[in-house]
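Since every read-out is calculated from the coordinates, none of them should be taken as a lab result. What you see is a predicted model, and the numbers here were worked out from it, not measured in a lab. Glycine also receives a Cβ, built like all others from the backbone with ideal geometry; neighbour counts cover every protein chain displayed.
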Amino acid sequence: MPSADDIIVGKHVYGNLYGVREELLWDEGLLRGVVVEAARAANMKVVEVKSWRFTGYHGGVSVIALVLESHIALHTWPDYGYATVDVYTCGEHSDPWRAFNHIVSRLRPRFYTVHYADRSSVYARALRA
């Protein structure tokens, strides 16, 4: 049975970016760099980064960064000027908001939505009470 000292806090920030320049959303190298920068800005340790470019009808780029604290995912649909961002972290020393905001600042969407979910377990909260 875990103790209150063993609690890992999960923080999940995710959202949608609208009106991003199409050429940015096709630039796989740039997008990989943006994700790595975002991880570092958020005090995350990058373990590995993978990316894929999908051509054809409504293709795009996907970048996934495995970080010691969990992951960052970025998926693009250049034809629509649209991207999704998913930042999930565990632990108290990383900040998913900083990663999300870094990506937004680099891709400069016309507007975006953002959501937050506390991914800590109910059981872990009960131990703290």
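At a glance:
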read-out: GluC sites (Glu not before Pro) restricted to the range 30-106 and DSSP loop, no more than 15 other C-beta within 10 Å; value: 92
read-out: Nearest-ten-degree value, helix 96-107 long axis tilted from longest Cα axis of the chain; value: 10 degrees
read-out: Which of 55, 89, 113, 84 has the fewest Cβ neighbours within 10 Å, and the rest in rising order; value: 55, 113, 84, 89
read-out: Angle between the chain longest axis and helix 28-41 axis [Cα atoms, degrees, rounded to 10]; value: 30 degrees
read-out: Proxy reagent accessibility, fewest Cβ within 10 Å first, across 88, 80; value: 80, 88
read-out: DSSP-assigned coil residues among trypsin sites (Lys or Arg not before Pro) in the range 1-100, each with at most 12 further Cβ atoms within 10 Å; value: 45
read-out: Normalised contact order of the chain, rounded percent, pairs of Cα under 8 Å and 6 or more residues apart; value: 38 percent
read-out: Estimated 222 nm signal from helices in the chain, with DSSP H stretches of n ≥ 4 weighted -39500 (n - 2.57), rounded to 500; value: -8500 deg cm²/dmol
